[in-house]
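Values quoted throughout were computed directly from the atomic coordinates according to the rules given, and no laboratory measurement underlies them. Keep in mind that what you see is a predicted model, and the values were worked out from it rather than measured. As a convention, Cβ positions derive from the backbone with ideal geometry for all residues, glycine included, and neighbour counts pool all protein chains shown.
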Amino acid sequence: MPRRRHVSGPAVERREATERWPALEIRSSARRKKTATAWWEGATLVVALPGHVREPERSELVAWLVERAARRRPSLHRSDPELLARARALAERYLLDVEPTAVRFVTNQRRRWGSCTPETGVIRLSERLRATPDWVLDCVLVHELAHLAHPDHGAAFSELAHRHPRQDEATRYLEGYQLGLDVADEERKSASEALAAEQAPAQATRRPQSPRAGDGELPTLF
């Protein structure tokens, strides 16, 4: 039987996301002789290094690549320090046994109040929550903190989320708040359509102006 040649792959080091850096996957390969590079795979930054690079040059090179990549895609791990501190305090108060790494408001969540990535510990909050009372914001944070431990909505998740005593009250508040936002959106849409309808006849009856003498000619200085 022919022997199957074994080729070892690159050494891989994985690091969890922190407040300062995104999640990392550092690959060192003997096949890579000179160049070092980095690219994004979802929320993880993959760093590829030549296998011969040793400390302290290795750490310096990784830091340089991470900082360069972060400048190109900063929103992935930007965090609001006050929100992060608030989330960590809530996790400690309600004994949730999770450690969020970043918390921030985002503008692209129009149909849900919060979301999270359990693998990285990142929590995202709809910017619409800026106008809600503090206790409502805390309930949403506790909800997402519970999801860091349990991504589903099972009994274990529910037990953690409801350690905040006003969780059900917050749900009712947000349902009403969402209804009010929907009504406001419909009113703005109707007003915009009415304005467009009023302007349309005026534009349709406006007579085109006859071309003036000299139209299309280059201007003269005298």
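Results, tabulated for the structure shown:
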read-out	value
3J(HN,Hα) from dihedral phi, region 80-87, Karplus parametrisation 6.51/-1.76/1.60, rounded to Hz, x for glycine, proline	7, x, 5, 5, 5, 4, 5, 5
VAL183/PHE105 FRET efficiency (R0 22 Å; Cβ-Cβ; nearest 0.05)	0.45
Region 48-153: chymotrypsin sites (Phe, Trp or Tyr not before Pro) falling in loop per DSSP and having at most 14 other Cβ within 10 Å	none
Extension gain, LYS33 back to HIS162 (0.36 nm per residue minus Cα-Cα distance, nm)	41.0 nm
Linear extension gain, LEU95 paired with ALA149, 0.36 nm per residue minus alpha-carbon span	18.3 nm
Positive-pole candidate from VAL136, PHE157, THR117, dipole of region 81-173, charges at beta carbon	VAL136
Computed FRET value (nearest 0.05) for ALA131 with GLU41, which takes r as the C-beta separation and R₀ as 30 Å	0.25
Per-pair calculated FRET efficiency, R0 = 35 Å: SER190 and GLU119 via Cβ, rounded to 0.05	0.20
Whole-Hz ³J(HN,Hα) from phi, Karplus 6.51 cos²θ - 1.76 cosθ + 1.60, for region 168-182, glycine and proline x	5, 5, 5, 4, 5, 4, 5, 4, x, 4, 5, 4, x, 5, 5
